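Heads up: the structure comes next, in structure tokens.
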Amino acid sequence: MDAGGGSTSVRGNRGAGRLARFWARRGNRTAVVGALLLLPVVAAFILVIAGPLARGVILGFYRVQQITMNTRFVGLGNFERVLGGTQFWNALWITLQYTVGGLVLQMVLGVGVALLLNQHFHGRALARSLAIFPYLLPIVVATTVWKWLLNPNYGIFNTMLTDVGLISQPIGWFSEPDLALGSVILVSTWRVFPFVVIAILGRLQNIPRQLYDAAATDGASAWSQFWDITLPQLRSVLIITVFLRFIWDFNDFNTIALLTGGGPAEATLTLPVLIYQLGFGQHQLGLAAAVADLTLILLSVLFVLYFWMTKPLGDQR
Amino acid sequence: MSRMRRRLIRTWALTVAAWLFVLAVSFPLIWMLASSFKSPTEITAVPPRLLPDALYLGNYEALFAGDFWRWFMNSIIVASGTVVIVIVLGTLGAYSLTRFSYPGQKATSTAILFTYLFPSVLMLVPLFLIIVELRIMNTYWALILADMTFAMPFSLWLLRSYFLSVPLQVEEAAMVDGASRFACFFQIVLPQVMPGIISTGIFAFILAWDDYLFASVFTTTAEMKTLPVGIARYANELNAEWGILMAASVSVTVPVLVLFAFLQRRLLPDLNAGAVKA
């Protein structure tokens, strides 16, 4: 999951630098002690993250025997097979549809709901907690509940839609090749739009009231207040939110694996699900690693683009 | 007068709109809760009714009589194990990153952020090989190791910002007064960041509790399944009962909600307020 966290106060930042200097004056020994304290963390990072990551990258160049797990170097063989076939490109296209489609819906819905929940109305505090509820649900719960809601035999949605005459007979939302991707996007949007709401609402509450008062005195309409004050103030949080959601949706394995498993007939087979199927459905670990490598390259391009567009997030120190 | 009236109408219109939306968003959850208390005949009744005629507890009884508690304990053990390891490492690391200065610090912080955003599915294949080689397939250790890959960068990043947000005057004063760094850490720093540590621990617990990807690949027997895997596998069985599935969904959600409620209360009090005044 992807919950947000604590904030960094400016005072704390400056204080940390000051204390660091204070200790630095006591000699270089403190620097050594500080670095030593980091050692277990660095070791754990290498063991469970950097090591496996490097191993995964290298594995893309190997063929892995199914039972013995013996590896044999095959050069670019895996990549040729992956890039030469249609499955990878198909999965990339579906991943982009899933990511961009979901992103647009999440952002529109998220910003709209944040603006709504920022207004004064009765029971606002309770409404806010309830609106972010789907985001707190375990993923397996969210998908199980939606499978039940959209169930072709007894699902409430099909019953309601047939009752009002929108559809003539129950629909298999996750089993129709034309509908499956759209259904999966809708479920994912329902689950994660509250993340956008939380991010935007937090920023909305910090826009200085005076800006609106001044605009109102000048006779600015509600629309122009939104375009000229609200939107520019939201700019940076919007960029970060789009970036994070893009990465997380691009790599979302759980939602699709639990709802459709990539089917029907590869209609929802995104790159993460393809990695899983190649590796653990077909026991082609080398091919799976090659797809993972290609995904990693795509992601790195995205990271570079983001850091190039904005100031680095990690530059808080 | 008419202005006040307009405002009143506006408030009520907003109230209706907001609550209609909230109800629509919450409907799947209401339906989940209602379905979990319906008997098998009511579940498949056409047309379906929102509320059950009587509170039917059979789904929960069947659920708790099955493998539920076994999976529940597995989930608890894996999530707690992950949290303990990750919090000890993260506290050390955050203290080092925020209270000392040495070369490579900034690069380390950026690396943590990068790995925090890093997708789990890319680690799946290499982790699988490592787990096979370590001969810990289908054990708690396999899942703890795998969950560390996302819980550790997340916790370290969060703890680092908590450590940064704690004012340093008290620490400085103690150091000037000649307190050892050891005493300083345990008596001054740790109590001040404790709320942050607890919150981070809860977040990490929820993350691990929610893991489906790793648990589905790195467990092979029924008795090692965690709750998400157990429920997902049961949902795919042909004779799966929706009433029991909804009861299971409610039961997995409740601990998460309790933790979030605790988190919300926990985050409010500001322990520093008193300490910095002087």
Six or more apart or on different chains, Cβ under 8 Å: which pairs go from a residue in region B:25-38 that's closer than 15 Å to A:ILE132 by Cβ and within 7 Å of chain A (Cβ to nearest Cβ) to one that's surrounded by fewer than 19 Cβ atoms within 10 Å (Cβ to Cβ) and of a type in the set (Phe, Trp, Tyr)? Could you list them?
-> B:VAL25/A:PHE133; B:SER26/A:PHE133; B:LEU29/A:PHE133
Restricting attention to region A:127-169, report how many residues are part of a loop (DSSP other than H, G, I, E, B) and either in contact with a Lys or Arg (Cβ under 8 Å, 6 or more places away or on another chain) or among the small types (Gly, Ala, Ser) (or both).
-> 4
Regarding A:THR268, is this residue crowded, with 24+ Cβ neighbours inside 10 Å, among the hydroxyl-bearing types (Ser, Thr, Tyr) and more than 23 Å from B:LEU207 (Cβ to Cβ)?
-> yes
Any residue at all in region B:82-103 that is surrounded by fewer than 19 Cβ atoms within 10 Å (Cβ to Cβ) and more than 10 Å from every other protein chain (Cβ to nearest Cβ)?
-> yes
So which residues in region B:249-265 are under 15 Å from B:LEU29 (Cα atoms) and crowded, with 17+ Cβ neighbours inside 10 Å?
-> B:SER249, B:VAL250, B:SER251, B:VAL252, B:THR253, B:VAL256
Residues in region B:191-241 that are closer than 19 Å to B:TRP141 by Cβ and not in a helix (DSSP H, G or I): how many?
-> 7
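Yes/no matrix, rows are residues, columns are (1) modelled with pLDDT of 80 or more; (2) crowded, with 23+ Cβ neighbours inside 10 Å:
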| site | (1), (2) |
| --- | --- |
| B:THR139 | yes, no |
| B:ALA142 | yes, yes |
| B:MET152 | yes, yes |
| B:SER155 | yes, yes |
| B:SER161 | yes, no |
| B:LEU168 | no, yes |
| B:ALA179 | no, no |
| B:CYS184 | yes, no |
Looking at B:VAL170, is it touching a residue at least 40 places away in the same chain (Cβ under 8 Å), more than 8 Å from chain A (Cβ to nearest Cβ), β-branched (Val, Ile, Thr) and out of contact with any Phe, Trp or Tyr (no Cβ under 9 Å at 6 or more places or on another chain)?
-> yes
Pick from region B:178-211 the residues that are polar (S, T, N, Q) and farther than 15 Å from B:ALA94 by Cβ: which of them is nearest to the other protein chains (Cβ to nearest Cβ)?
-> B:SER180
For region B:47-64, indicate whether the set of residues that are aromatic (Phe, Trp, Tyr) and assigned to a helix (DSSP H, G or I) is non-empty.
-> yes
Are there any helices (runs of 4 or more DSSP H) wholly within region A:209-250 with 1 or more residues that are within 25 Å of B:SER120 (Cα to Cα), and if so which?
-> A:231-250
Check B:VAL125, B:VAL83, B:VAL132, B:VAL78 and return the single one that is closer than 30 Å to B:CYS184 by Cβ and at pLDDT 90 or above.
-> B:VAL83
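Conditions (1) at pLDDT 90 or above; (2) among the aliphatic types (A, V, I, L, M); (3) closer than 20 Å to B:ASP211 by Cβ; (4) under 20 Å from the mean Cα position of the chain (by Cα), marked per residue:
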position: A:ALA267; (1), (2), (3), (4): yes, yes, no, no
position: A:LEU278; (1), (2), (3), (4): yes, yes, no, no
position: A:GLN282; (1), (2), (3), (4): yes, no, no, no
position: A:ASP293; (1), (2), (3), (4): yes, no, no, yes
position: A:PHE307; (1), (2), (3), (4): no, no, no, yes
Could you check, for region B:131-145, whether at least one of its residues is part of a helix (DSSP H, G or I), touching a Leu at 6+ places or on another chain (Cβ under 9 Å), under 20 Å from B:TYR212 (Cβ atoms) and within 9 Å of another protein chain (Cβ to nearest Cβ)?
-> yes
Could you say whether any residue in region A:49-67 is over 32 Å from the mean Cα position of the chain (by Cα), more than 8 Å from chain B (Cβ to nearest Cβ) and modelled with pLDDT under 60?
-> no
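The values are calculated or read from the model by the stated rules, or taken from the named source; none is laboratory data. Because the structure is predicted, anything quoted here is derived from the model rather than measured. All Cβ positions, even for glycine, are placed from backbone atoms using ideal geometry, and neighbour counts span all protein chains on display.
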